[in-house]
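Throughout, read-outs are computed from the coordinates displayed, never taken from laboratory work. Please read all numbers here as calculations on a predicted model, not as lab measurements. So basically every Cβ, Gly included, is an ideal-geometry build from the backbone, and we count neighbours across all protein chains shown.
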Amino acid sequence: MILFTAAHLPTAMSIPDRLHCVNPNCPAPYPQPGHHKFCLRCGTSLRLSDRYIPLQRLGSGGFATIYTVWDLQTHQERVLKVLAVTSPKALKLFEQEAIVLGSLRHPGIPKVEPNSFFLVPTPQQQPLYCLVMEKIVGPTLEDVLTKYFPQGCPETLVLDWLCQATDILETLHRRHIIHRDIKPSNLMLREFQLANPALGEAYQGQLVLIDLGGAKQKGAKDSSTRLFSSGYSPPEQLTGQLVEPAADIYALGRTAIHLLTGQHPVDLEELHSGALEWRSRVSTSPALTNLLEAMVQWEATDRPQTAREVRSCLARMPGTPLHRQARTMATLARTKAIARQTSTRIVQTGRQWTHGAIAAVADTTREMWGGAVGSVCGVLLGFFLADLTPLGELFARLIEAYVPRLLAGVEVELGPEFLLFACVGLGTGWGLAAMGGLGQRVQRVKAGLTGFLGYSLAWLAWVGLPGGAIARFLTTLVIAAFVLPLGLGLSGYRVFQAFVAALGTALLFGLSLVYGNLSGRMVEEILLLARFDLTVGFCSLLGMGIAMGLAIAHYLLVPLLQWLGTRNSSQ
């Protein structure tokens, strides 16, 4: 198995003078001159798919050889997997990994762009099967365990990893995909930093689940592509029975026990029953002990059946990132900080501007505050309806059924977060209308319903449109920020003001992307709507951005249009 660790990855940001041929039959693959387009020894192309330049061989594992490549389009380093074994089984697994990765969008799953699976011809008439994916910089959990915690990782770290892994599994299982090979070496930490190994203090980064080559659809038998990892795979997988989400839950539970104890599950198994004897080797909280014991039950029916069940158990444990009290306290602290910053800026602005400017700023601030508070209320309502009631799933299924009828041939796949985001639009519209600023007539109900509609259309664009995450993200912002103001009681130039709000909001987030305050990975993590704090922050900024765009239109651009109109009529 390949370990994509920081030690293996080159740091060069430009094309070097020496390249590496990716043909496994090349007699001398390295070094090749950087300016050459073909290998000097075997003639294989060094410009793969007219886009990727092979820089360095990282290693090999399973059926593939791994390289670092330079992407001429994005000017970034990526990881290239080249199929080294041409058997039908290996090719099937390789193609399956390309399909699975290409269909998923989650910061905890390596990203694969469209057309990243391709063939490279060779002079030997045997094409090379290639797959390009996102380059993950960081160690595996197996590396962290071996290097920093050989006696076992602290419970706080394992709890955090469990929460992140459960979120990833929830995304996979929602698409009816079973990973089948969860273990410490297949879980990486993006940009891992450890502050104090002795105390277990760490900035852990994003957990990433790799090696989806063995993934299967829910309900499929393992007879054609039997796959198991000793100590981690459940008994039903070893015997080739139907695979269900409970198989991944079993493997994740055993992975967590390995991380806590520092001992491989095989070394903990009782000779006759196969059960793990681990509780006497490490001290853990009763809640975590009970959860892990349930996850590694021999019978699949005795385990939690979904990742959502595991997530619910973790959310009830104090100290985990999913615990409601921890999320609430963090949100309140951020809200207080925002309130203090807003108050300070209002005072500073009041000292600098004249009375008329102060009135405009105060009006704008009230609207921004109304948009932010309304969005927070919408988030709270959305989380309640989507997570704690069946309405989220019911609403998503209803929309999924009606979209193909309205738009022939268009199909979307929605989750409970669709209702959550729509409720944010409801709250934002209501909050903006309740402030009654910007010369509008107060129409709370109409504004709330229009916001609900606008944010619903925006979410459909996010999940349904093709293209990269950045383009779909900006399209989502434009739709939400344009439709919502149409329901406010704005006085004149309503469509124009909505256009300015949409343009201003897109420009605000676009500049954040340009100057590096926001990245494509952060965009996808934000729009998963899985983290309460990120959801509150993003939705608040979106509501404030709409209010700011409307204020610019109301106080600057609309008076300018009116002045130009009066001047033209007088002439």
Problem set entry | Nitroxide proxy distance, nm - points 7 Å out along Cα→Cβ at Ala28 and Thr566 | 8.3 nm
For this session: Using θ = phi - 60° and the Karplus relation 6.51 cos²θ - 1.76 cosθ + 1.60, list the HN-Hα couplings for the stretch 391-401 in order, rounded to whole Hz, with x at every Gly or Pro.
Result: 5, x, 5, 4, 5, 5, 5, 4, 5, 4, 6
Problem set entry | Spacing of the two label points (7 Å from each Cα toward its C-beta) at Ala471 and Leu388, in nm | 4.1 nm
Exercise. If we sort 415-426, 466-477, 47-58 on the protection proxy, mean other Cβ atoms within 10 Å, highest first, what's the order?
Worked result: 415-426, 47-58, 466-477
Seminar exercise, completed: Rounded to the nearest 0.05, FRET efficiency between Gln151 and Lys92 (Cβ-Cβ, R0 56 Å) equals 0.85
Seminar exercise, completed: Applied in sequence order to the stretch 41-48, the curve 6.51 cos²θ - 1.76 cosθ + 1.60 (Karplus, θ = phi - 60°) yields integer Hz couplings, x standing for Gly and Pro, of 9, 10, x, 6, 4, 9, 10, 6
For this session: Express in nm, to one decimal, how much length is gained between Glu413 and Asn517 on full extension, taking 0.36 nm for each residue of separation and deducting their alpha carbon distance.
Result: 34.5 nm
Exercise. Which of the peptides 238-245, 34-41 is most tightly packed, and how do the rest follow, judged by the mean count of other Cβ atoms within 10 Å per residue?
Worked result: 238-245, 34-41
Seminar exercise, completed: Of 172-181, 114-123, ordering from highest average Cβ density within 10 Å down gives 172-181, 114-123
Seminar exercise, completed: Note to self: C-alpha centroids of the stretch 12-73 and the stretch 458-522 sit apart, in Å, by 40 Å
